[in-house]
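Just below is one structure, and these are the notes that go with it.
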Amino acid sequence: MKATAIAHPNVALAKYWGKRDAPGNVPATPSVSVVMGGLETRTAVCFDASLERDVLALNGVEASGEPHARVVALLDEVRARSGVRARARVVTTNDFPTASGLASSASGFAALARAATAAAGLALDDAATSRLARRGSASAARSVLPGFVALGTEDDPAAEPVAPADHWPLAIVVAAVTLGPKDTSSTSGMSHCRATSPYYRAWVDDAPALAAEVRAAILARDLERLGDAAEASALRMHACMIASRPPLLYWTGATLELLARVRGLRAAGVGAWATIDAGPHVKVICRASDASTVAERLAPLAARTIVAHVGGGARVIEEAP
Ligand code: DP6
């Protein structure tokens, strides 16, 4: 009745932003991502008949409210399918800033889906685990699988492999601008955008072509094409956010300075392209051999830089007794 899993966050090179009117948290745009090995969430789940309610400890602090409710919803689904009735103790830790736009919900729900199903004795394949994780957070569906991964917009989608982790030794240099939590969660940001941004429809209509381009560039290992399409996806998503009312502006001055520095690196002949999620941080895609040069150039503008490599999927681990 007990299991521990680890998962890594992922960064979308073609972004998911917006939900369909379909049950179970279904994206309105297809996305393609890469798993960020080197950043890790570790989640232990223990079903315990003596508990009166599910308990969640997030980085050593007992969580309530929205994060707790989302975890309970996933545990309820696992209980319904497995017949386990006991409540659970969930202990989860991230070795990187939480809820700040560094995709902690992606690795969090991917690790939770793996650990909770294993603890309940439910044997789910990758696709079923990915669907379960998606209900917690759609980007989490992608962190269940290794390497380069896609998530579609059909009813009840599961993440699908695009290419394995060893397909292409890219690096993702994360330039974290602030280490605190962000003001607006992705979930509420995307619903605000959909309700108030005049560019929302255009964003949704345009996204599939960019996702196809990102996928083709990954398969061809064409970094320039990938970087160009990934930057376009991130900036079009942010254009849609900024046009909301009141505006949804995640950027700070440091975000813009980092974007300018990435352009400067390219002008100097270093293949580096930026992407930005629902936060101020800038993540830069480059060849693994350029990662230390890129990290050195970005470090003076960031609170912290982390170099991630293409990582594996969410997996159950053996814990020392
Ligand atoms: C900007 O997966 O966090 O990172 O499904 O509502 O939990 P929910 O949203 P979430 O949104 C991620 C948005 C993004 C782009 C992406 O990862 O594709």
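The values are calculated or read from the model by the stated rules, or taken from the named source; none is laboratory data. Predicted model, so just to flag it, every value in this text is computed and none were measured. Note that each Cβ is placed from the backbone with ideal geometry, even for glycine, and that neighbours are counted across all protein chains shown.
Computed quantities for the displayed model
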quantity: Selection count where residues are more than 15 Å from the ligand (Cβ to nearest atom) and among the basic types (Lys, Arg), scope segment 155-212; calculated: 1
quantity: Filtered residues of segment 258-301 (kept if touching a residue at least 40 places away in the same chain (Cβ under 8 Å), over 23 Å from residue 239 (Cβ atoms) and touching an Asp or Glu at 6+ places or on another chain (Cβ under 7 Å)); calculated: 271
quantity: All positions within segment 137-189 that are surrounded by 20 or more Cβ atoms within 10 Å (Cβ to Cβ) and at pLDDT below 95; calculated: 176, 177, 186
quantity: Some residue of segment 87-96 being surrounded by fewer than 24 Cβ atoms within 10 Å (Cβ to Cβ) and either more than 28 Å from residue 172 (Cα to Cα) or within 13 Å of the ligand (Cβ to nearest atom) (or both); calculated: yes
quantity: Selection status of residue 313, out of contact with any Pro (no Cβ under 7 Å at 6 or more places or on another chain), of a type in the set (Gly, Ala, Ser) and on the phi < 0 side of the Ramachandran plot; calculated: no
quantity: Test: residue in segment 37-49 that is within 13 Å of the ligand (Cβ to nearest atom) and touching a residue at least 12 places away in the same chain (Cβ under 8 Å); calculated: no
quantity: Test result for residue 177, over 13 Å from residue 31 (Cβ atoms) and within 18 Å of the chain's Cα centre (by Cα); calculated: yes
quantity: Residue match in segment 16-23 (condition: more than 12 Å from the ligand (Cβ to nearest atom), farther than 16 Å from residue 172 by Cα and of a type in the set (Phe, Trp, Tyr)); calculated: no
quantity: Candidate set: segment 247-257, residues that are part of a helix (DSSP H, G or I) and touching a residue at least 60 places away in the same chain (Cβ under 8 Å); chosen: the one surrounded by the fewest Cβ atoms within 10 Å (Cβ to Cβ); calculated: 254
quantity: Any helices (runs of 4 or more DSSP H) falling wholly within segment 146-246 and containing at least 3 residues that are of a type in the set (D, E, K, R); calculated: 200-219, 223-242
quantity: Only listed residue being basic (Lys, Arg) and on the phi > 0 side of the Ramachandran plot, chosen from 221, 215, 225; calculated: 221
quantity: Residue that is touching a helix residue (DSSP H, G or I) at 6+ places or on another chain (Cβ under 9 Å) and assigned to a loop (DSSP other than H, G, I, E, B), where the choices are 42, 85, 81; calculated: 85
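Rundown of residues vs (1) aromatic (Phe, Trp, Tyr); (2) within 11 Å of the ligand (Cβ to nearest atom); (3) in a helix (DSSP H, G or I), yes/no style:
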residue: 102; (1), (2), (3): no, yes, no
residue: 105; (1), (2), (3): no, yes, yes
residue: 109; (1), (2), (3): yes, yes, yes
residue: 117; (1), (2), (3): no, no, yes
residue: 124; (1), (2), (3): no, no, no
residue: 131; (1), (2), (3): no, no, yes
residue: 140; (1), (2), (3): no, yes, yes
